[in-house]
Amino acid sequence: MDMKPIGVALRSLVLLVISYQLSSAQEEYKPTPENSRSREWFQDAKFGLFIHWGVYSVLGDGEWVMNQQQIPVKIYEKIPGFFNPTDFDAKAWVQMAKGAGMKYITITSKHHDGFAMWDSKVSDYNIVKRTPYGKDVLKMLADECKKEGIKLFFYHSQLDWHHPDYFPRGNTGGSWTGRAESGDFNKYLDYMDAQLTELLTNYGDVAGIWFDGMWDRKDADWRLRKTYDLIHKLQPAALVGSNHHRAPYPGEDFQMFEKDLPGHNTTGFSTEKAVGSLPKETCETINNSWGFSLKDEQHKGKKVLIQYLVKAAGYGANFLLNVGPMPNGKIQPEHIASLKEMGDWVKEFGGTIYGTRGGPLTARDWGVTTQKGNTVYVHVLNWFDESLTIPSWGKKIKSAKIYKDKTPVKFLENDYGITLRIPKAKMDEVDTIIELEMK
Ligand code: H79
């Protein structure tokens, strides 16, 4: 009997099994030990500064101005010529972030307008080559952050309204940009990978890459895994996240929520998005704009901002709070003042936020809980009565006190849960924190 066909069949079976294993190995993503350590750091850090800064700040109409005013590429290219932020002071920004109690900064390396805010070698559409300012602000900021122990993430837009090879076009940046109706998307992705390689090679330790814009071409082949693997190879500790409004893809290290707490969907972006088990972050604007907007006077107040931070922590998420610096390089004085107020609060109460995890209770209308070791912090954000009954989570209380001044708090544990007695005089309009020591 001729054994050959069986040999061939066996060989192809073996090949089939091997290729199956290879492809499933590709699908699977296991973070490296460095990456897992970064995730722990990230969850402990809790509070970061988001910065939307680009040549669009010159027009004072937000970072979407190119699309909103339908400014063709040829005309938009005049704007860098007016961008001369002579008052930019990396030290002042980093001190402001530190003073607010923030542990990291996430800044736009490139927004949807495609303009690189660093000295890119693969495109001259960048701050060094095209602006009178001519300096690499990302480098200056990276150096200052390193000196001050603040970690730095880059926000990087996958969507690009300027690059000719961003084709076929997506939902935004259409024919009004004046680009030829042709292009090679893979060439665009090569360009993006090359720019990311620069950012992850020449700027010291990068804490992570914060992607945005994939939603513009939802179902295109973004070669995600290739890009994510490249980032993890260049800097294993760097965290990858993407604002695609979907459940995380393999290769991502944290999940982000835009203008919503995890699981909420007031924006309507998150219909396809389940809350997963990766570290979480929620981002929000300090007024109503990401990039500088001259007419935006809707500055959030102290109570709203602090409660956002506290609620995020209760949901187990970081709070990434945005400012949009002005074209002169300064941050609006109202925003500097708000960040100072937050800093004063976290100086006193940050112990109930940093290094905690969300829970043991999920968020309630009255507030949230955070926990660290045997301690649970009950953050009462919205309650008028002197007694508050909360469900028990199966552990007994050893002691209860007002966090602020350590005044003992009377409590009762029974079948109905835990009842805390909070004297009116001890109530704080922003956040009344009760510290429970558990047995
Ligand atoms: O970078 C920030 C935004 O530019 C980006 N993500 C955050 C972090 C973002 N992209 N899209 N969106 C946010 C939501 C889309 C809002 C839009 Fe509009 C409504 C785009 C056009 C109409 C807001 C309002 C921007 C222009 C007008």
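So the values come out like this:
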quantity: Helices (runs of 4 or more DSSP H) contained in segment 40-128 and holding at least 3 residues modelled with pLDDT of 95 or more and under 30 Å from Thr370 (Cα atoms); calculated: 90-99
quantity: Residue match in segment 359-378 (condition: open to solvent by 10 Å² or more (accessible area, probe 1.4 Å), touching a Ser or Thr at 6+ places or on another chain (Cβ under 8 Å) and in contact (Cβ under 8 Å) with a residue 40 or more places away in the chain); calculated: yes
quantity: Qualifying residue in segment 198-210 (condition: of a type in the set (Asp, Glu), open to solvent by less than 70 Å² (accessible area, probe 1.4 Å) and either in contact with a helix residue (DSSP H, G or I) (Cβ under 7 Å, 6 or more places away or on another chain) or on the phi < 0 side of the Ramachandran plot (or both)); calculated: yes
quantity: Extreme residue, surrounded by the most Cβ atoms within 10 Å (Cβ to Cβ), among residues of segment 211-221 that are within 16 Å of the ligand (Cβ to nearest atom) and of a type outside the set (Asp, Glu); calculated: Phe211
quantity: Residue within segment 153-175 that is of a type in the set (D, E, K, R), within 16 Å of the ligand (Cβ to nearest atom) and open to solvent by less than 10 Å² (accessible area, probe 1.4 Å) present; calculated: yes
quantity: Some residue of segment 179-190 being more than 16 Å from the ligand (Cβ to nearest atom) and farther than 25 Å from Asp113 by Cβ; calculated: no
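The values are calculated or read from the model by the stated rules, or taken from the named source; none is laboratory data. All figures in this text were calculated on a predicted structure; none of them were measured in a lab. Positions of Cβ are backbone-derived with ideal geometry, glycine not excepted, and every protein chain shown enters the neighbour counts. With ligands, DNA and RNA removed, areas are computed over all heavy atoms of the protein, side chains included. Shrake-Rupley method; radii C 1.70, N 1.55, O 1.52, S 1.80 Å.
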